[in-house]
Amino acid sequence: LKKTHALLRKKITDRPVWAQGASGSEVLLREFEAAGNAVLLGVDTFWQGIDIPGEALSCVVMVKLPFPNISSALEEARRRWLEENGRDYFRDWSLPKAVMKFRQGFGRLIRTSTDRGAVICLDSRVLKKGYGKAFLEALPPCRKISGLVDLAGFFQ
């Protein structure tokens, strides 16, 4: 996050570019909403509980699909327990949890009936893997685009 923030601050000069962790989350969110045109980088803890209706939040970029970190002790124990009980960790836990978080990320953008914006998923697995369909089907009805030209047209 820090490296991406440093890179984007050099590339984006016409608006503020902030990253989670630089100051308290509450202060950061107030400043983001007040600016109205800022870029805000965040990690997993920003996924839930963010409520910024209106134009200040018009684009959410998901770098990767939000699968649980299998290397954590909790997830490793969960995987073992599921497998010992004849269940499949990926199908029965990891995929449904990731799909739910993906939908929640989408929900950060549309908070009121007048909100509009774009959700960009940079993880090609959503289109290339068989399980990618589960992510797309979890979204509310919306227009899907597949390139920067279409995205620019959407914002104009």
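The values are calculated or read from the model by the stated rules, or taken from the named source; none is laboratory data. This structure is a prediction, so every number in the text was calculated from the model and none was measured. A quick note on method: Cβ atoms are made from the backbone with ideal geometry, for glycine too, and the neighbour counts reach across all protein chains shown. To get the accessible areas, we keep the full protein, side chains included, count just its heavy atoms, and leave off ligands, DNA and RNA. Shrake-Rupley method; radii C 1.70, N 1.55, O 1.52, S 1.80 Å.
Karplus-derived 3J(HN,Hα) values for the stretch 80-92, using 6.51 cos²θ - 1.76 cosθ + 1.60 with θ = phi - 60°, are 4, 4, 4, 5, 5, 9, x, 10, 9, 4, 5, 5, 8 Hz; glycine and proline are entered as x.
The lysines within cross-link reach of LYS10, meaning a Cα-to-Cα straight distance under 22 Å and a gap of 8 or more places when in the same chain, are LYS2.
Couplings 3J(HN,Hα) for the stretch 30-47, derived from phi with the Karplus relation 6.51 cos²θ - 1.76 cosθ + 1.60 (θ = phi - 60°), are 4, 5, 4, 5, 5, 5, x, 9, 8, 10, 10, 9, x, 10, 3, 5, 7, 5 Hz, where x marks Gly and Pro.
Working note: 222 nm ellipticity from helices only, DSSP H runs with n ≥ 4, each -39,500 (n - 2.57), summed and divided by the residues of the chain, gives -11500 deg cm²/dmol to the nearest 500. The order of ASP88, ASP44 by accessible area, most exposed first and with a 1.4 Å probe, is ASP44, ASP88.
Each peptide in 62-71, 101-110, 78-87, 7-16 was scored by the mean count of other Cβ atoms within 10 Å over its residues; highest first, the order is 101-110, 62-71, 78-87, 7-16.
Shown here are the Rg and Dmax of the Cα trace of the chain, at 17.4, 55 Å.
Computed from backbone phi with θ = phi - 60° and the Karplus coefficients 6.51, -1.76 and 1.60, the 3J(HN,Hα) list for the stretch 96-102 is x, 5, 5, 4, 4, 5, 4 Hz; x is used for glycine and proline. Summarising the amide proton neighbourhood of ALA19: residues at separation of 5 or more, or on other chains, whose placed amide H is nearer than 5 Å comprise LEU41. Over the Cα atoms of the stretch 5-87, the radius of gyration divided by the Kirkwood radius equals 1.14; this is the Rg/Rh ratio. Do the alpha carbons of any pairs in LYS3/LYS128; LYS64/LYS133; LYS11/LYS101; LYS64/LYS128; LYS64/LYS129 sit beyond 18 Å of each other, and which pairs? As for pairs spanning more than 18 Å Cα to Cα, those are LYS3/LYS128; LYS11/LYS101.
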